[in-house]
1. Note down all Cβ pairs under 9 Å where the first residue falls in the stretch 160-180 and is aromatic (Phe, Trp, Tyr), the second is in a loop (DSSP other than H, G, I, E, B) and at pLDDT below 90, and they're at least six residues apart or on different chains.
2. Check 60, 22, 55, 81 and return the single one that is more than 9 Å from the ligand (Cβ to nearest atom), touching a strand residue (DSSP E or B) at 6+ places or on another chain (Cβ under 9 Å), among the β-branched types (Val, Ile, Thr) and within 25 Å of residue 141 (Cβ to Cβ).
3. Can you go through 93, 112, 81, 156 and tell me which one is hydrophobic (A, V, I, L, M, F, W, C), open to solvent by less than 60 Å² (accessible area, probe 1.4 Å) and in contact (Cβ under 8 Å) with a residue 60 or more places away in the chain?
4. Has the stretch 136-155 got at least one residue that is part of a strand (DSSP E or B) and away from the ligand (no atom under 16 Å from the Cβ)?
5. Out of the residues in the stretch 169-190 that are of a type in the set (A, V, I, L, M, F, W, C) and outside any helix (DSSP H, G or I), state the one that is surrounded by the most Cβ atoms within 10 Å (Cβ to Cβ).
6. Does residue 152 count as farther than 15 Å from residue 66 by Cβ and touching an Asp or Glu at 6+ places or on another chain (Cβ under 7 Å)?
7. Taking the criterion of being closer than 20 Å to residue 187 by Cα and either open to solvent by 50 Å² or more (accessible area, probe 1.4 Å) or away from the ligand (no atom under 11 Å from the Cβ) (or both), would at least one residue in the stretch 28-46 satisfy it?
Amino acid sequence: MGCGEGRLSRTLRGSGHDVLGVDGSPTLVAAARAAEPAIPVVLADAAALPLGDGVADLAVAFMVLHDVDDLDGVVAEVARVLVPGGRLCAAVVHPLNSAGGFTSRDADSPYVVEGSYFARRRYADAMARDGLEMTFHSCHRPLEDYTGALERSGFVVEALREPVAPPETVRDASNSRWQRMPLFVHLRARLDR
Ligand SMILES: C[S@@+](CC[C@H](N)C(=O)[O-])C[C@H]1O[C@@H](n2cnc3c(N)ncnc32)[C@H](O)[C@@H]1O
């Protein structure tokens, strides 16, 4: 779900999975189709999948659910296309991360949430790496929005992780503040039917 240009789909295929990628961006779908090894990719809104019921045993949404407009609709569609007992693995930006920010780049900088953690809002993150500039448009939602959507579609959460950046990935001292705050939530949920 939200496979983008397909990097994770290719990794999953390399691990022996039979993969179908789905993404709503024509540009990224074209890039995924052009990459090697080729994987089948469909251009679709994850809230309206062109797939039959119960056709998959695993759905993976890596850094996607905080970007979708219709969270409940997407999770309901995932439930529909999964077999009974099928699983959804998802990684999202940690809601505490999208709720606030550090006041400086210092390692011990205070982290401030202005307004309400519970208030849903859209936000945009502009980033540049290796000469490429990208703006990610996302939605801040409290954690309960994710677990609530899973609950309403019949999932039970089997595992939840808050991964911390390992020390070797912290390139300089000014990034070490990110070892004090969660960046991501990783979830594994099982369809309870
Ligand atoms: C942050 S990117 C992650 C891409 C990929 N999973 C990865 O890790 O490289 C989020 C992806 O979700 C897709 N997306 C957002 N909303 C979607 C929707 N409603 N239906 C399908 N894809 C969607 C975007 O086009 C984008 O490719």
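1. From the stretch 160-180, the pairs are 178/165; 178/170.
2. Within the list 60, 22, 55, 81, the selection yields 81.
3. Values: 112 fails: in contact (Cβ under 8 Å) with a residue 60 or more places away in the chain; 81 fails: in contact (Cβ under 8 Å) with a residue 60 or more places away in the chain; 156 fails: in contact (Cβ under 8 Å) with a residue 60 or more places away in the chain.
Of 93, 112, 81, 156, the one residue that is hydrophobic (A, V, I, L, M, F, W, C), open to solvent by less than 60 Å² (accessible area, probe 1.4 Å) and in contact (Cβ under 8 Å) with a residue 60 or more places away in the chain is 93.
4. yes
5. Just the residues of the stretch 169-190 that are of a type in the set (A, V, I, L, M, F, W, C), to begin with: 170, 173, 178, 181, 183-185, 187, 189.
Imposing the further condition that a residue be outside any helix (DSSP H, G or I) reduces the set to 170, 181, 183-185, 187, 189.
Working: 170: 15, 181: 16, 183: 14, 184: 17, 185: 22, 187: 21, 189: 27.
This residue is 189.
6. On the way: farther than 15 Å from residue 66 by Cβ: yes; touching an Asp or Glu at 6+ places or on another chain (Cβ under 7 Å): yes.
Yes: the conditions hold for residue 152.
7. Looking only at the stretch 28-46, we keep the residues that are closer than 20 Å to residue 187 by Cα, and these are 46.
Okay, now just the ones that are also either open to solvent by 50 Å² or more (accessible area, probe 1.4 Å) or away from the ligand (no atom under 11 Å from the Cβ) (or both), so none.
Within the stretch 28-46, not a single residue is closer than 20 Å to residue 187 by Cα and either open to solvent by 50 Å² or more (accessible area, probe 1.4 Å) or away from the ligand (no atom under 11 Å from the Cβ) (or both).
The values are calculated or read from the model by the stated rules, or taken from the named source; none is laboratory data. As the structure is a prediction and not an experimental result, all values here were calculated from the model. Here the Cβ is made from the backbone with ideal geometry for all residues, glycine too, and neighbour counts use every protein chain on show. These area figures cover heavy atoms from the full protein model, side chains too; ligands, DNA and RNA do not enter into them. Shrake-Rupley method; radii C 1.70, N 1.55, O 1.52, S 1.80 Å.
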